Amino acid sequence: MNFNIVRCARVVLHVTNLEASRKFYVDTLGFIETEADSENLYLRGLEEHNHHSIHLKKAVKPAVEALSYKVASNAELDVIAEFFTEKGYKTKWIAEGKQLGLGRTLRVQDLSGLPLEFFAKMDHVERLLQRYDLYRGARIQRIDHFNCMVEDVEKAQHFYMNELGFACSEYTDTKKGEVWATWLHRKQTVHDQAFMNGVGPRVHHIGFWLPDPLALIHACDVLAASGYSKSIERGPGRHGLSNAFFLYLRDPDGHRIELYSGDYLTSDPDFKPIRWDVDDPMRQTFWGHAAPDCWFNEASTVLDVISGAEVPTKEPKLEKRKPEFII
């Protein structure tokens, strides 16, 4: 199959304190607040013309409710729904207007247990790309990718490529040829969706695109000056995989986000995926510094699309050890 999935487009995160989240995401990192009420906060990047790319929803416990993809048309939603229904996956329709700014959406529990969402229509708002007077914090431009921990990376990779029409830009495997991690895309950059070997299903991080490496460095200064130095988990640095500059942060509820800039074009139809050996020390961090242990053990819980309950996790198929490759 090759559905007309455009790109990753938004995430719905459960948070326990909206004011703490606003201080972190809006006041410090510089996300644009589109709308808010006592239970919800809707944020976007400076170049985004859609209503939001992050929906922060007040809840008792932190969790990820949905990883959302934009598709080309409403008709495409029906085709995707038919596919997942015929395959026996859990699906749920949410009518237009039930979610602020959104047309009708389809939610699906994928084969790894991740809560996906597909939509075609979202309200438009002012695009602030050239409102340089509003640039603050990390000068965040747009949502870029999801990275998820799953028990069987190779199975997830096969499904997303062969059933959903994603392409692979880079991957890591073992000397036995076992796929340890994979970077898959719909838009013409390195990834919209990455999978890594680990206890899952869980969301490892959400990536956001910055205009340049200096924005990333400036974000570090702003975070430190604002009392958030302990929120910096890893970086700044440059990845071997993807070649991008990175900074990893933990928000007030522990959700991990990546500030990301500088990968490359993957649009050519004859582009060949780049292989990295799991023992290559340059794949994770081109400059050589290792990730902390929490990097491999901690991630965000995901929810069932029907019941809203936490999805149980499973141990990974491959041996759990501390490689140094994840982006």
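Here are the numbers:
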{"read-out": "Extreme residue, farthest from the chain's Cα centre (by Cα), among residues of segment 225-245 that are hydrophobic (A, V, I, L, M, F, W, C) and surrounded by fewer than 23 Cβ atoms within 10 Å (Cβ to Cβ)", "value": "ALA225"}
{"read-out": "Checking GLY207 against (1) over 30 Å from LEU164 (Cα atoms); (2) of a type in the set (Gly, Ala, Ser); (3) not in a loop (DSSP other than H, G, I, E, B), the condition it does not meet", "value": "(1)"}
{"read-out": "Inter-residue pairs, beta-carbon under 9 Å, first closer than 15 Å to LYS98 by Cα and in segment 115-129, second of a type in the set (Phe, Trp, Tyr) and not in a loop (DSSP other than H, G, I, E, B), 6+ apart", "value": "GLU117/TYR69; PHE118/TYR69; PHE119/TYR69"}
{"read-out": "Residue count for segment 152-180, restricted to those that are buried (at least 16 other Cβ atoms within 10 Å of the Cβ) and either assigned to a loop (DSSP other than H, G, I, E, B) or on the phi > 0 side of the Ramachandran plot (or both)", "value": "4"}
{"read-out": "Filter result (of a type in the set (Gly, Ala, Ser) and either over 29 Å from ILE274 (Cα atoms) or assigned to a loop (DSSP other than H, G, I, E, B) (or both)) within segment 224-253", "value": "ALA224, ALA225, SER226, GLY227, SER229, SER231, GLY240, SER242, ALA244"}
{"read-out": "Scan of segment 17-41 for residues that are β-branched (Val, Ile, Thr) and either touching a helix residue (DSSP H, G or I) at 6+ places or on another chain (Cβ under 7 Å) or open to solvent by 60 Å² or more (accessible area, probe 1.4 Å) (or both), ordered by number", "value": "THR28"}
{"read-out": "Filter result for ALA194 (within 25 Å of ARG139 (Cα to Cα), within 12 Å of the chain's Cα centre (by Cα) and at pLDDT 95 or above)", "value": "yes"}
{"read-out": "Complete set of residues in segment 1-11 that are surrounded by fewer than 21 Cβ atoms within 10 Å (Cβ to Cβ) and within 18 Å of the chain's Cα centre (by Cα)", "value": "VAL6, ARG7"}
{"read-out": "In segment 183-224, the residues that are surrounded by 18 or more Cβ atoms within 10 Å (Cβ to Cβ) and small (Gly, Ala, Ser)", "value": "ALA194, GLY198, GLY200, GLY207, ALA215, ALA219"}
{"read-out": "Neighbours by Cβ (under 7 Å, 6+ apart or cross-chain): first from segment 212-224, small (Gly, Ala, Ser); second open to solvent by 20 Å² or more (accessible area, probe 1.4 Å)", "value": "ALA215/ARG139"}
{"read-out": "Some residue of segment 141-151 being open to solvent by 80 Å² or more (accessible area, probe 1.4 Å), out of contact with any helix residue (DSSP H, G or I) (no Cβ under 9 Å at 6 or more places or on another chain) and not in a loop (DSSP other than H, G, I, E, B)", "value": "no"}
{"read-out": "Pair list, Cβ < 7 Å and 6+ apart or interchain, from segment 57-76 residues that are more than 18 Å from ILE143 (Cβ to Cβ) to residues that are at pLDDT below 95 and assigned to a loop (DSSP other than H, G, I, E, B)", "value": "GLU76/PHE3"}
{"read-out": "Residue identified as assigned to a loop (DSSP other than H, G, I, E, B) and modelled with pLDDT of 95 or more among ILE327, ILE306, ILE217", "value": "ILE306"}
{"read-out": "Pair list, Cβ under 9 Å, 6 or more apart: segment 255-270 residue under 16 Å from VAL6 (Cα atoms), other residue part of a loop (DSSP other than H, G, I, E, B) and open to solvent by 50 Å² or more (accessible area, probe 1.4 Å)", "value": "LEU265/GLN188; LEU265/PHE271; THR266/GLN188; SER267/GLN188"}
{"read-out": "Among (1) assigned to a strand (DSSP E or B); (2) more than 22 Å from LEU43 (Cα to Cα); (3) within 17 Å of the chain's Cα centre (by Cα); (4) of a type outside the set (A, V, I, L, M, F, W, C) - the single one GLN188 does not satisfy", "value": "(1)"}
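The values are calculated or read from the model by the stated rules, or taken from the named source; none is laboratory data. Just so you know, these numbers come straight off a predicted model, no measurement behind them. Ideal geometry is used to build each Cβ from the backbone, glycine not excepted, and the neighbour counts take in all protein chains shown. These accessible areas exclude ligands, DNA and RNA; they are computed on the full protein's heavy atoms, side chains included. Shrake-Rupley method; radii C 1.70, N 1.55, O 1.52, S 1.80 Å.
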